[in-house]
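Below you'll find the structure, written out as structure tokens, and then a few comments.
The values are calculated or read from the model by the stated rules, or taken from the named source; none is laboratory data. Everything numeric here is computed off the predicted structure, so don't read it as measured data. With ideal geometry, Cβ positions are generated from the backbone for all residues, glycine too; neighbour counts draw on all protein chains shown.
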Amino acid sequence: MVRMDIAAERYRIGDLVVDAGRRCVSRNGENIRLPKLSFKLLLALIYSAPNLQSNEALLATVWKRKIVGPETVTQRIKLLRDALGDDSHDPRYIELVWGEGYRLCVEVIPLTANTSIDESMDSGFSLRRISRTVFATGLLAVMLLVSILNLNHLPVDEIAEDGFAPPPTSIAVLPFLNMSDNADD
């Protein structure tokens, strides 16, 4: 469990910053309005991350002494996902484990009082950043190769002194290996 003094608790989960002391969630500096129960539900998932929280545990933690059922958790998770822009079919933040409960599917990074938001974005291993760099480097290499070949090649319609035309220039483009979990990258 990741807990600090509640007045100073701040966490990065994916592209979100959650400030427990101020009771606010933001993305890229823009506040995301969450109702009180949705915020408490998000904090319960943060505190238990990366572990799974059963419906019963969430009911006991978030709703304490109120008489509510598992449907309440399901509906509140839906409201939370809607507010965060999460999709139950392709979750970015909250994952459902059928018959078990819910958990965060992104790493929870506690932010210290002197950690800036930009520093927290740069920390850690980012497979997406590496795959973009590899793609950009490969694209640059292909463009460089094309420009070199264009400088050194003779037009096809020119005939050499021996009566033969030089072979046409060709380029082979090989597929890149997708190193991320997201097929769109």
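I'm checking my understanding of the structure. Among residues of the range 58-72 that are at pLDDT 80 or above and of a type outside the set (Val, Ile, Thr), which one is surrounded by the most Cβ atoms within 10 Å (Cβ to Cβ)? Steps first, answer last, please.
From the range 58-72, those at pLDDT 80 or above are 58-64, 71-72; that's our starting set.
Filter once more, so that each one left must be of a type outside the set (Val, Ile, Thr): 58-60, 63-64, 71.
Values: 58: 22, 59: 18, 60: 13, 63: 17, 64: 8, 71: 9.
Here the answer is 58.
Going by the conditions given, is residue 114 crowded, with 16+ Cβ neighbours inside 10 Å and at pLDDT below 85? Before you say what the answer is, go through the steps one by one.
Numbers: crowded, with 16+ Cβ neighbours inside 10 Å: no; at pLDDT below 85: yes.
Here the answer is no, as residue 114 does not meet what is asked.
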Completion exercise
Here the qualifying pairs (Cβ atoms under 6 Å; residues six or more apart or on different chains; first in the range 45-58 and touching a residue at least 24 places away in the same chain (Cβ under 8 Å) and of a type in the set (S, T, N, Q); second outside any loop (DSSP other than H, G, I, E, B) and surrounded by fewer than 18 Cβ atoms within 10 Å (Cβ to Cβ)) come out as 55/70
Handout entry: Breaking point among (1) assigned to a helix (DSSP H, G or I); (2) of a type outside the set (Phe, Trp, Tyr); (3) at pLDDT 85 or above, for residue 96
Key = (1)
Practice task
Check residue 88 against each of (1) at pLDDT 85 or above; (2) under 20 Å from residue 182 (Cβ atoms); (3) surrounded by fewer than 14 Cβ atoms within 10 Å (Cβ to Cβ) and name the one condition it does not meet.
Solution key: (1)
